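Worksheet for the structure shown next.
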Amino acid sequence: MTMSSTIRDMKEGNEDDKIVVESIVVDMSPYCDAASNSSGRTIIMDEERRDCHSRLNEALRRDGFAYVRGLGIDIRLCEDALREARSFLHDADESVRRSCLTMDRARRGYSPACSENFASLIGERGPNDLVRKFRIGPTTNTNDPTSSSIHRPTSMSSSSSSSSSSSSSSSLHAPNVWPTAEVWDDESASNFRISIGGYFERTCRAADGILEAIRDGIINDVRNDGMIYESMRALMGSGRSGRNVGESEDECRGEHTSILTLLGYRHGRRHTNGGGGGRMRPLVSAHTDVGVITLLHYDGGKCAMLQRAAESYGVADTENIEWIDVDLPRPAPPRDDDPVFVVNVGDCLSDLSGGYLRSTLHRVMPRICHPIADDTASNDTAARTCLALFVGLEPSASMTLPSGEVVSYEEWRRRRIARATAVMRRKE
Ligand SMILES: O=C(O)CCC(=O)C(=O)O
Ligand SMILES: [Fe+2]
């Protein structure tokens, strides 16, 4: 049974729903949401962790993608963040979004539709992506409530933080930009910042648990390769959550480079072209993600569908790939407060693990749907909204590649992008 048919069965109310869900969604609570005993000490059974990391890595090895839950993230946080993202990406006036344009829109702020081209990430030529995006990341500035070094969003001023300073010299660290009360209204601007900032902080922490599980799984499985232990060190320690063992939450640093991207898709011209008998063109071209892992959560918006390649194909044959829908199961009782996420492997983890885990090609395709005339976010079931956390290491994090070469994360990233650019140039 494929991942997509499994989910379809579940949605149609198959009697065996619960069993099916249990069999495909990996419960990450032994790594992300460990229960405490009466004295507050965490109880984690080795066996539970073993089961968790082997199930997760099995899915990631097979598909490059896995469904996870048990991240310790309340469904209300996800619903709030999706609602706020919808309100900004679909309902607000374009002038509100454009107030968040930055010099480096691939890292922070608003990126309008048709301004990015993910096909270039794999050295392919394709139309620009038809999606609106908004990005935030760590600022390493402890005065910024969205700095992941602060684990409790406090008073959210609605003023733009674009002037806030960053203590890091890396181009992967930049100030966040938020819509202000002057261009939006006070309440909208403030709710947006609180929900999106809170979601970012919480998912960054959950991603740490997921990476720990992936690392344990790989080390356990590839025991006879001495180098793998060195390679996996990059996934641990102070790099990502910014918190060192023994530090309190107030003391931790926000030096990882994870970026939260909000993505908004609407019914548009690529739907009507394809509907006329022509070949549908993707809204986001086939690509692999550059970072370590990506953690996705999205609503049921019908106008677009995330798809992954059925198997690991060479980047060269993107034309003849079998694509599988990556639908998101809605949690059902008694787990209806425990949201399901998708994890996928990025190129960095693929390189670090020497191909043990492989980044999988994926894309977003338009789906024919029937948008209603008054399509505000509150009543539009066509618009699709996705929250994507692209997990990155600290710029100076030292990566030992299985070849034995040691390279910083920032340098590895620079080479990865340069490789794709060089392929594009050769094709020109
Ligand atoms: O919208 C989605 O589901 C995923 C988009 C994506 O693959 C990306 O932004 O890297
Ligand atoms: Fe992606």
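The values are calculated or read from the model by the stated rules, or taken from the named source; none is laboratory data. As the structure is a prediction and not an experimental result, all values here were calculated from the model. Ideal geometry is used to build each Cβ from the backbone, glycine not excepted, and the neighbour counts take in all protein chains shown. Just so you know, the surface numbers come from the protein's heavy atoms only, side chains and all, with ligands and any DNA or RNA stripped out. Shrake-Rupley method; radii C 1.70, N 1.55, O 1.52, S 1.80 Å.
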### Highest-first arrangement of 295-307, 398-410, where packing means the average Cβ count within 10 Å
295-307, 398-410
### Query
Going by accessible area, probe 1.4 Å, with all protein chains left in place, what is the ranking of Arg83, Arg363, Arg108, largest first?
Arg83, Arg363, Arg108
### Query
Long-range amide H contacts for Met305: which residues qualify at under 5 Å (H placed 1.01 Å from N, peptide plane, sequence gap of 5 or more or a different chain)?
Met365, Arg367
### Task
Mind grabbing the accessible area of Asp27 for me, 1.4 Å probe, Å², rounded to tens?
50 Å²
